Amino acid sequence: MKTKKIAIIGLGYVGLPLAVEFGKKHQTLGFDINQARINELKNGIDSTLEVSDAELSQTTELTFSCHVDELKSANIYIVTVPTPIDKHKQPDLTPLIKASEMLGKVVNKGDIIIYESTVYPGATEEVCIPVVEQVSALKFNKDFFAGYSPERINPGDKEHRVINILKVTSGSTPEVAEVVDQLYKSIIVAGTHKASSIKVAEAAKVIENTQRDVNIALINELSIIFNKLDIDTLEVLEAAGTKWNFLPFRPGLVGGHCIGVDPYYLTHKAQTVGYHPEMILAGRRLNDGMGAYVVSQLVKKMLKCRIQVEGANILIMGLTFKENCPDLRNTKVIDIVSELNEYNINVDVTDPWCSSEESEHEYGLSLISPEQDKYDAIILAVAHNEFKELGVENIRKLGKKSHVLYDLKYLLPKNSVDMRL
(Lines give C-alpha, C1' and ligand atoms only; values in the text may rest on other atoms or scores of the structure.)
Protein backbone atom coordinates (compact mmCIF):
# COMPACT_ATOMS: atom_id res chain seq x y z
CA MET A 1 0.00 0.00 0.00
CA LYS A 2 1.17 3.52 -0.77
CA THR A 3 1.85 6.02 2.03
CA LYS A 4 -1.21 6.12 4.25
CA LYS A 5 -3.54 9.07 4.15
CA ILE A 6 -6.47 8.58 6.47
CA ALA A 7 -9.83 10.30 6.13
CA ILE A 8 -12.14 10.35 9.15
CA ILE A 9 -15.79 10.73 8.07
CA GLY A 10 -17.81 12.45 10.80
CA LEU A 11 -16.19 14.66 13.45
CA GLY A 12 -18.40 14.23 16.48
CA TYR A 13 -17.59 12.68 19.85
CA VAL A 14 -16.08 9.61 18.16
CA GLY A 15 -14.50 10.96 15.01
CA LEU A 16 -12.65 13.99 16.29
CA PRO A 17 -10.61 12.31 19.06
CA LEU A 18 -9.72 9.57 16.57
CA ALA A 19 -8.69 12.12 13.94
CA VAL A 20 -6.51 13.95 16.45
CA GLU A 21 -4.68 10.78 17.44
CA PHE A 22 -4.14 9.61 13.86
CA GLY A 23 -3.08 13.15 12.96
CA LYS A 24 -0.16 12.85 15.37
CA LYS A 25 1.38 10.01 13.34
CA HIS A 26 -0.25 9.93 9.90
CA GLN A 27 -1.42 12.38 7.29
CA THR A 28 -5.08 12.72 8.23
CA LEU A 29 -8.11 14.54 6.84
CA GLY A 30 -11.03 15.19 9.16
CA PHE A 31 -14.23 15.41 7.12
CA ASP A 32 -17.70 16.55 8.15
CA ILE A 33 -20.66 17.79 6.10
CA ASN A 34 -21.34 20.47 8.74
CA GLN A 35 -19.56 23.64 7.58
CA ALA A 36 -19.94 25.30 10.99
CA ARG A 37 -18.27 22.31 12.65
CA ILE A 38 -15.35 22.47 10.22
CA ASN A 39 -14.98 26.22 10.79
CA GLU A 40 -14.79 25.87 14.58
CA LEU A 41 -12.25 23.07 14.33
CA LYS A 42 -10.09 25.08 11.95
CA ASN A 43 -10.18 27.83 14.58
CA GLY A 44 -8.96 25.37 17.19
CA ILE A 45 -12.27 24.99 19.04
CA ASP A 46 -14.16 21.79 19.88
CA SER A 47 -17.69 22.47 21.13
CA THR A 48 -18.09 18.83 22.25
CA LEU A 49 -15.22 19.42 24.74
CA GLU A 50 -13.72 16.01 23.91
CA VAL A 51 -10.49 17.53 22.62
CA SER A 52 -8.68 20.48 24.17
CA ASP A 53 -7.72 23.57 22.19
CA ALA A 54 -4.06 22.71 22.84
CA GLU A 55 -4.46 19.21 21.35
CA LEU A 56 -6.07 20.64 18.22
CA SER A 57 -3.29 23.17 17.71
CA GLN A 58 -0.53 20.60 18.20
CA THR A 59 -1.77 18.08 15.64
CA THR A 60 0.28 19.16 12.64
CA GLU A 61 -0.69 16.31 10.26
CA LEU A 62 -4.44 16.88 10.64
CA THR A 63 -6.48 19.06 8.28
CA PHE A 64 -10.25 19.64 8.13
CA SER A 65 -12.65 19.92 5.23
CA CYS A 66 -16.28 19.61 4.18
CA HIS A 67 -15.45 19.29 0.47
CA VAL A 68 -15.98 15.76 -0.87
CA ASP A 69 -13.37 16.12 -3.63
CA GLU A 70 -10.61 16.38 -1.02
CA LEU A 71 -11.40 12.83 0.11
CA LYS A 72 -10.03 11.45 -3.15
CA SER A 73 -6.46 11.84 -1.91
CA ALA A 74 -7.02 9.35 0.94
CA ASN A 75 -6.62 5.58 0.75
CA ILE A 76 -8.03 4.62 4.14
CA TYR A 77 -11.48 5.87 5.13
CA ILE A 78 -12.83 5.57 8.68
CA VAL A 79 -16.58 6.15 9.05
CA THR A 80 -17.76 7.47 12.43
CA VAL A 81 -21.22 8.82 11.65
CA PRO A 82 -24.16 8.41 14.08
CA THR A 83 -26.43 5.36 13.98
CA PRO A 84 -29.63 6.41 15.77
CA ILE A 85 -33.06 4.79 16.02
CA ASP A 86 -36.26 6.22 14.57
CA LYS A 87 -39.53 7.00 16.38
CA HIS A 88 -40.54 3.36 16.04
CA LYS A 89 -37.29 2.28 17.76
CA GLN A 90 -35.97 0.76 14.55
CA PRO A 91 -32.36 1.23 13.36
CA ASP A 92 -31.92 4.33 11.21
CA LEU A 93 -29.00 3.62 8.90
CA THR A 94 -29.55 6.75 6.81
CA PRO A 95 -26.32 8.53 7.91
CA LEU A 96 -24.34 5.34 7.30
CA ILE A 97 -25.88 4.78 3.86
CA LYS A 98 -25.28 8.40 2.83
CA ALA A 99 -21.66 8.17 3.97
CA SER A 100 -21.27 4.95 1.96
CA GLU A 101 -22.79 6.61 -1.12
CA MET A 102 -20.35 9.48 -0.74
CA LEU A 103 -17.38 7.12 -0.38
CA GLY A 104 -18.50 5.26 -3.48
CA LYS A 105 -17.77 8.44 -5.43
CA VAL A 106 -14.18 8.77 -4.16
CA VAL A 107 -12.88 5.27 -3.35
CA ASN A 108 -10.08 3.93 -5.55
CA LYS A 109 -8.64 0.51 -6.21
CA GLY A 110 -6.76 -0.85 -3.20
CA ASP A 111 -8.49 1.45 -0.70
CA ILE A 112 -9.87 0.29 2.65
CA ILE A 113 -13.10 1.55 4.22
CA ILE A 114 -13.31 0.98 7.97
CA TYR A 115 -16.61 1.44 9.79
CA GLU A 116 -16.73 2.37 13.47
CA SER A 117 -20.43 3.24 13.80
CA THR A 118 -22.45 0.84 15.97
CA VAL A 119 -24.57 -1.52 13.85
CA TYR A 120 -26.17 -4.94 14.04
CA PRO A 121 -24.09 -7.98 12.99
CA GLY A 122 -23.92 -8.11 9.21
CA ALA A 123 -24.77 -4.46 8.48
CA THR A 124 -21.32 -3.53 7.14
CA GLU A 125 -21.23 -6.26 4.50
CA GLU A 126 -24.99 -6.50 3.83
CA VAL A 127 -25.92 -2.79 3.74
CA CYS A 128 -22.90 -0.50 3.50
CA ILE A 129 -20.58 -2.35 1.13
CA PRO A 130 -23.25 -2.99 -1.57
CA VAL A 131 -23.90 0.78 -1.62
CA VAL A 132 -20.19 1.48 -2.16
CA GLU A 133 -20.04 -1.18 -4.89
CA GLN A 134 -23.07 0.21 -6.70
CA VAL A 135 -21.86 3.82 -6.71
CA SER A 136 -18.18 3.10 -7.41
CA ALA A 137 -18.62 0.19 -9.85
CA LEU A 138 -15.73 -1.47 -7.99
CA LYS A 139 -15.77 -5.05 -6.72
CA PHE A 140 -15.60 -5.72 -2.98
CA ASN A 141 -12.52 -7.69 -1.83
CA LYS A 142 -11.04 -7.38 -5.30
CA ASP A 143 -10.85 -3.65 -5.97
CA PHE A 144 -11.49 -2.29 -2.48
CA PHE A 145 -11.68 -3.73 1.01
CA ALA A 146 -13.40 -3.14 4.35
CA GLY A 147 -12.81 -3.30 8.07
CA TYR A 148 -14.81 -2.79 11.21
CA SER A 149 -13.45 -1.44 14.49
CA PRO A 150 -16.22 -0.44 16.91
CA GLU A 151 -15.91 2.88 18.70
CA ARG A 152 -15.52 2.81 22.47
CA ILE A 153 -15.68 6.51 23.24
CA ASN A 154 -17.24 7.52 26.56
CA PRO A 155 -18.26 11.20 26.19
CA GLY A 156 -16.99 13.42 28.99
CA ASP A 157 -14.60 10.76 30.33
CA LYS A 158 -11.12 12.26 30.58
CA GLU A 159 -9.60 9.07 31.99
CA HIS A 160 -10.74 6.50 29.43
CA ARG A 161 -9.61 8.12 26.18
CA VAL A 162 -9.46 6.59 22.72
CA ILE A 163 -5.77 5.65 23.01
CA ASN A 164 -6.04 3.84 26.36
CA ILE A 165 -9.14 1.76 25.61
CA LEU A 166 -8.36 -1.61 24.01
CA LYS A 167 -9.60 -1.60 20.41
CA VAL A 168 -11.38 -4.43 18.61
CA THR A 169 -10.39 -4.66 14.94
CA SER A 170 -11.38 -6.76 11.94
CA GLY A 171 -11.06 -6.91 8.17
CA SER A 172 -12.81 -8.38 5.13
CA THR A 173 -9.82 -10.64 4.35
CA PRO A 174 -7.08 -11.98 6.66
CA GLU A 175 -4.54 -9.69 5.01
CA VAL A 176 -6.74 -6.59 5.37
CA ALA A 177 -7.56 -7.54 8.96
CA GLU A 178 -3.84 -7.41 9.71
CA VAL A 179 -3.47 -4.02 7.99
CA VAL A 180 -6.40 -2.61 9.97
CA ASP A 181 -5.04 -4.05 13.21
CA GLN A 182 -1.58 -2.58 12.65
CA LEU A 183 -3.10 0.78 11.72
CA TYR A 184 -4.90 1.04 15.06
CA LYS A 185 -1.91 -0.35 16.95
CA SER A 186 0.03 2.69 15.73
CA ILE A 187 -2.09 4.95 17.98
CA ILE A 188 -3.82 2.73 20.58
CA VAL A 189 -1.55 2.43 23.62
CA ALA A 190 -3.83 -0.14 25.27
CA GLY A 191 -3.44 -2.49 22.32
CA THR A 192 -5.90 -4.24 20.02
CA HIS A 193 -7.95 -7.42 19.78
CA LYS A 194 -8.23 -8.76 16.23
CA ALA A 195 -11.61 -10.42 15.75
CA SER A 196 -11.99 -13.32 13.34
CA SER A 197 -14.53 -11.50 11.16
CA ILE A 198 -16.35 -8.21 10.69
CA LYS A 199 -19.57 -9.80 12.00
CA VAL A 200 -17.87 -10.86 15.23
CA ALA A 201 -16.57 -7.32 15.77
CA GLU A 202 -20.02 -5.85 15.04
CA ALA A 203 -21.68 -8.25 17.48
CA ALA A 204 -19.08 -7.57 20.18
CA LYS A 205 -19.84 -3.87 20.07
CA VAL A 206 -23.60 -4.15 20.14
CA ILE A 207 -23.62 -6.50 23.15
CA GLU A 208 -21.31 -4.27 25.24
CA ASN A 209 -24.07 -1.74 25.76
CA THR A 210 -26.87 -4.32 25.67
CA GLN A 211 -25.27 -5.98 28.69
CA ARG A 212 -25.12 -2.66 30.55
CA ASP A 213 -28.70 -1.86 29.60
CA VAL A 214 -30.03 -5.15 30.98
CA ASN A 215 -28.02 -4.76 34.18
CA ILE A 216 -29.30 -1.23 34.77
CA ALA A 217 -32.85 -2.41 34.07
CA LEU A 218 -32.47 -4.99 36.84
CA ILE A 219 -31.29 -2.31 39.27
CA ASN A 220 -34.13 0.01 38.21
CA GLU A 221 -36.62 -2.76 38.90
CA LEU A 222 -35.02 -3.43 42.27
CA SER A 223 -35.27 0.29 43.04
CA ILE A 224 -39.02 0.18 42.34
CA ILE A 225 -39.41 -2.86 44.60
CA PHE A 226 -37.34 -1.36 47.42
CA ASN A 227 -39.32 1.87 47.19
CA LYS A 228 -42.52 -0.11 47.82
CA LEU A 229 -40.81 -1.84 50.75
CA ASP A 230 -39.64 1.52 52.14
CA ILE A 231 -35.97 0.51 51.86
CA ASP A 232 -33.25 2.88 50.63
CA THR A 233 -31.92 1.46 47.35
CA LEU A 234 -28.42 2.93 47.65
CA GLU A 235 -27.97 1.47 51.12
CA VAL A 236 -28.94 -1.95 49.77
CA LEU A 237 -26.55 -1.67 46.82
CA GLU A 238 -23.70 -0.51 49.05
CA ALA A 239 -24.28 -3.46 51.38
CA ALA A 240 -24.46 -5.95 48.50
CA GLY A 241 -21.40 -4.31 46.95
CA THR A 242 -19.22 -5.53 49.82
CA LYS A 243 -19.14 -8.89 48.01
CA TRP A 244 -16.22 -8.95 45.58
CA ASN A 245 -18.19 -10.02 42.50
CA PHE A 246 -21.28 -7.82 42.89
CA LEU A 247 -21.51 -5.43 39.94
CA PRO A 248 -21.70 -1.73 40.95
CA PHE A 249 -24.65 -0.56 38.85
CA ARG A 250 -26.98 2.24 39.99
CA PRO A 251 -30.61 2.98 39.09
CA GLY A 252 -31.44 5.90 36.84
CA LEU A 253 -32.42 7.23 33.45
CA VAL A 254 -30.83 5.35 30.56
CA GLY A 255 -30.28 7.64 27.60
CA GLY A 256 -27.44 8.70 25.35
CA HIS A 257 -26.35 7.48 21.94
CA CYS A 258 -25.22 4.01 23.09
CA ILE A 259 -26.90 2.20 25.97
CA GLY A 260 -30.39 3.47 25.15
CA VAL A 261 -30.00 2.78 21.41
CA ASP A 262 -27.68 -0.16 20.68
CA PRO A 263 -29.95 -2.92 22.08
CA TYR A 264 -32.56 -2.04 19.45
CA TYR A 265 -30.01 -2.79 16.72
CA LEU A 266 -29.47 -6.27 18.11
CA THR A 267 -33.19 -6.98 18.68
CA HIS A 268 -33.98 -5.78 15.14
CA LYS A 269 -31.49 -8.24 13.66
CA ALA A 270 -32.68 -11.04 15.94
CA GLN A 271 -36.25 -10.56 14.77
CA THR A 272 -35.21 -10.69 11.10
CA VAL A 273 -33.88 -14.22 11.68
CA GLY A 274 -37.04 -15.33 13.48
CA TYR A 275 -36.11 -14.90 17.14
CA HIS A 276 -38.01 -12.61 19.50
CA PRO A 277 -35.62 -11.48 22.24
CA GLU A 278 -37.35 -11.50 25.63
CA MET A 279 -34.84 -10.24 28.19
CA ILE A 280 -33.33 -7.46 26.08
CA LEU A 281 -36.69 -5.94 25.14
CA ALA A 282 -37.99 -6.32 28.70
CA GLY A 283 -34.98 -4.35 29.93
CA ARG A 284 -35.56 -1.69 27.28
CA ARG A 285 -39.23 -1.30 28.26
CA LEU A 286 -38.35 -0.95 31.91
CA ASN A 287 -35.60 1.59 31.31
CA ASP A 288 -37.72 3.58 28.85
CA GLY A 289 -40.43 3.82 31.51
CA MET A 290 -38.26 5.33 34.23
CA GLY A 291 -39.15 8.94 33.34
CA ALA A 292 -42.84 8.26 33.92
CA TYR A 293 -42.03 6.38 37.13
CA VAL A 294 -40.01 9.31 38.49
CA VAL A 295 -42.87 11.72 37.85
CA SER A 296 -45.46 9.40 39.41
CA GLN A 297 -43.38 9.17 42.58
CA LEU A 298 -42.87 12.93 42.69
CA VAL A 299 -46.57 13.66 42.25
CA LYS A 300 -47.46 11.25 45.07
CA LYS A 301 -44.94 12.95 47.35
CA MET A 302 -46.26 16.41 46.49
CA LEU A 303 -49.82 15.31 47.27
CA LYS A 304 -48.72 13.87 50.61
CA CYS A 305 -47.09 17.22 51.39
CA ARG A 306 -50.33 18.99 50.38
CA ILE A 307 -48.62 20.78 47.51
CA GLN A 308 -50.94 21.67 44.60
CA VAL A 309 -49.81 19.64 41.59
CA GLU A 310 -51.62 21.34 38.70
CA GLY A 311 -49.98 24.68 38.00
CA ALA A 312 -47.00 23.88 40.24
CA ASN A 313 -43.53 25.21 39.39
CA ILE A 314 -40.91 22.49 39.11
CA LEU A 315 -37.19 22.88 38.42
CA ILE A 316 -35.21 20.15 36.67
CA MET A 317 -31.48 20.44 37.26
CA GLY A 318 -29.67 18.90 34.31
CA LEU A 319 -30.69 18.03 30.75
CA THR A 320 -27.69 16.26 29.18
CA PHE A 321 -27.74 12.46 29.01
CA LYS A 322 -24.89 12.17 31.53
CA GLU A 323 -22.88 14.26 33.96
CA ASN A 324 -20.16 16.76 33.02
CA CYS A 325 -20.82 16.41 29.30
CA PRO A 326 -22.68 18.68 26.83
CA ASP A 327 -24.22 15.79 24.85
CA LEU A 328 -28.03 16.04 24.57
CA ARG A 329 -28.55 13.05 22.28
CA ASN A 330 -31.36 10.79 23.42
CA THR A 331 -31.46 12.30 26.91
CA LYS A 332 -34.17 10.70 29.01
CA VAL A 333 -34.57 13.84 31.11
CA ILE A 334 -36.88 15.00 28.34
CA ASP A 335 -39.22 12.11 29.28
CA ILE A 336 -39.61 13.69 32.72
CA VAL A 337 -40.33 17.07 31.15
CA SER A 338 -42.98 15.57 28.85
CA GLU A 339 -44.62 13.64 31.68
CA LEU A 340 -44.75 16.70 33.95
CA ASN A 341 -46.40 18.67 31.14
CA GLU A 342 -49.22 16.10 31.18
CA TYR A 343 -50.07 17.32 34.68
CA ASN A 344 -50.18 20.98 33.53
CA ILE A 345 -47.09 21.69 35.58
CA ASN A 346 -44.80 24.63 34.80
CA VAL A 347 -41.37 23.14 34.12
CA ASP A 348 -38.07 25.04 34.18
CA VAL A 349 -34.81 23.35 33.17
CA THR A 350 -31.29 24.52 33.97
CA ASP A 351 -28.02 22.99 32.78
CA PRO A 352 -24.58 24.67 32.83
CA TRP A 353 -23.18 22.19 30.30
CA CYS A 354 -25.37 22.81 27.27
CA SER A 355 -26.61 25.86 25.39
CA SER A 356 -30.21 26.99 25.35
CA GLU A 357 -29.91 27.31 21.56
CA GLU A 358 -29.08 23.61 21.17
CA SER A 359 -31.78 22.64 23.66
CA GLU A 360 -34.36 24.64 21.70
CA HIS A 361 -33.18 23.08 18.43
CA GLU A 362 -33.31 19.50 19.74
CA TYR A 363 -36.33 19.62 22.02
CA GLY A 364 -37.99 23.03 21.71
CA LEU A 365 -36.94 23.70 25.29
CA SER A 366 -35.38 26.95 26.55
CA LEU A 367 -32.94 26.70 29.46
CA ILE A 368 -33.19 29.20 32.32
CA SER A 369 -31.27 30.57 35.28
CA PRO A 370 -33.40 29.51 38.28
CA GLU A 371 -34.91 32.01 40.70
CA GLN A 372 -34.95 31.67 44.46
CA ASP A 373 -38.14 30.82 46.40
CA LYS A 374 -39.96 29.84 43.20
CA TYR A 375 -40.29 26.07 43.01
CA ASP A 376 -42.71 23.58 44.51
CA ALA A 377 -40.34 20.75 43.61
CA ILE A 378 -36.76 20.38 42.45
CA ILE A 379 -35.45 17.33 40.60
CA LEU A 380 -31.70 16.69 40.53
CA ALA A 381 -31.62 14.80 37.25
CA VAL A 382 -27.94 14.95 36.20
CA ALA A 383 -24.93 14.76 38.53
CA HIS A 384 -22.96 17.72 37.16
CA ASN A 385 -20.08 18.85 39.38
CA GLU A 386 -21.59 22.33 39.44
CA PHE A 387 -24.70 21.03 41.20
CA LYS A 388 -22.63 19.14 43.75
CA GLU A 389 -20.56 22.26 44.44
CA LEU A 390 -23.74 24.31 44.78
CA GLY A 391 -24.65 22.22 47.81
CA VAL A 392 -27.99 21.33 49.33
CA GLU A 393 -28.44 24.66 51.14
CA ASN A 394 -28.20 26.73 47.95
CA ILE A 395 -30.34 24.25 46.02
CA ARG A 396 -32.99 24.40 48.73
CA LYS A 397 -33.05 28.20 48.45
CA LEU A 398 -34.53 27.79 44.97
CA GLY A 399 -37.61 26.15 46.44
CA LYS A 400 -40.58 27.65 48.24
CA LYS A 401 -40.90 27.28 52.00
CA SER A 402 -42.66 23.97 51.39
CA HIS A 403 -41.15 22.03 48.50
CA VAL A 404 -39.91 18.57 47.54
CA LEU A 405 -36.26 17.86 46.64
CA TYR A 406 -35.92 14.67 44.57
CA ASP A 407 -32.35 13.41 44.08
CA LEU A 408 -32.18 10.94 41.18
CA LYS A 409 -28.38 10.67 41.22
CA TYR A 410 -27.52 10.24 44.93
CA LEU A 411 -25.65 13.51 44.62
CA LEU A 412 -26.60 14.80 48.08
CA PRO A 413 -26.66 13.13 51.53
CA LYS A 414 -29.73 11.01 52.18
CA ASN A 415 -30.93 13.05 55.17
CA SER A 416 -30.74 16.30 53.19
CA VAL A 417 -33.27 15.36 50.46
CA ASP A 418 -36.90 14.35 50.48
CA MET A 419 -36.69 11.59 47.89
CA ARG A 420 -34.11 9.38 46.20
CA LEU A 421 -34.54 6.99 43.31
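What is the Rg over Rh value, at two decimals, for the stretch 313-382, using alpha-carbon atoms and the Kirkwood definition of Rh?
Here the Rg-to-Rh quotient is 0.93.
Taking 35 Å as R0, compute the FRET efficiency from the Cβ-Cβ separation of His361 and Ser65 and round it to 0.05.
E between His361 and Ser65, to the nearest 0.05, is 0.90.
Between the alpha-carbon centers of the stretch 288-364 and the stretch 115-159, tell me the distance in whole angstrom.
37
Taking a quarter of the surface of the Cα convex hull of the stretch 347-386, what do you get in nm²?
3.2
What pairs from Lys300/Lys409; Lys228/Lys401; Lys4/Lys105 go past 24 Å between their alpha carbons?
Lys228/Lys401
What residue among Glu221, Glu278, Glu323 shows peak mean-square fluctuation when the chain is described by a Gaussian network model with Cα springs under 10 Å?
Glu278
For Ser73 and Ile97 in one chain, what is 0.36 nm times their gap in residues minus the Cα-Cα distance, to one decimal in nm?
Result: 6.5 nm gained on full extension.
Percent of accessible area on the chain owned by carbon and sulfur, 1.4 Å probe?
Ligands and nucleic acids excluded, carbon and sulfur reach 51 percent.
How long are the three semi-axes of the equivalent ellipsoid of the stretch 256-310, in whole Å, if each is the root of 5 times an eigenvalue of the C-alpha gyration tensor, listed from largest down?
36, 11, 7
Sorted by packing (mean other beta-carbon atoms within 10 Å per residue), highest first, where do 328-338, 400-410, 153-163 land?
Highest to lowest by the protection proxy: 328-338, 400-410, 153-163.
Kirkwood hydrodynamic radius, computed over distinct alpha-carbon pairs, for the stretch 79-133: how many Å, to one decimal?
After inverting the pairwise mean of 1/r, the radius is 11.7 Å.
Mind checking Rg over Rh on the chain, alpha carbons, Kirkwood formula for Rh?
Result: Rg/Rh = 1.01.
Quick one: length gained pulling Asn141 to Thr242 fully straight, 0.36 nm per residue minus the C-alpha distance?
Extra length available between Asn141 and Thr242 comes to 31.1 nm.
Can you work out the accessible area per residue across the chain, with the rest of the protein chains kept in place, probe 1.4 Å, in square angstrom?
46
Fully extended, how many nm does the chain gain between Lys228 and Lys401 (0.36 nm per residue separation, minus their Cα-Cα distance)?
That pair, Lys228 and Lys401, stretches by 59.5 nm at full extension.
Cβ neighbours within 10 Å, averaged per peptide: list 9-15, 255-261 in order, most packed at the top.
Output ranking for 9-15, 255-261: 9-15, 255-261.
Considering only DSSP beta bridges where both residues belong to the chain, give the percentage that are antiparallel (nearest 5).
Once the DSSP bridges in the chain are tallied, antiparallel ones form about 5 percent.
Treat the stretch 13-163 as a sphere of radius equal to its Kirkwood radius over Cα pairs and apply Stokes-Einstein at 10 °C in a medium of 1.306 mPa s; give the translational diffusion coefficient in µm²/s, rounded to a whole number.
Diffusion coefficient, whole number: 98 µm²/s.
Which residue fluctuates the most in the chain, going by a Gaussian network model with Cα springs under 10 Å, if the choices are Tyr375, Tyr343, Tyr77?
For the chain, modelled as a Gaussian network with Cα springs under 10 Å, the answer is Tyr343.
The values are calculated or read from the model by the stated rules, or taken from the named source; none is laboratory data. Remember, it's a predicted structure, so these values are computed and weren't measured experimentally. Cβ sites come from the backbone with ideal geometry, for glycine too, and all protein chains shown count toward neighbours. Just the protein is used for accessible areas: all its heavy atoms, side chains included, with ligands, DNA and RNA removed. Shrake-Rupley method; radii C 1.70, N 1.55, O 1.52, S 1.80 Å.
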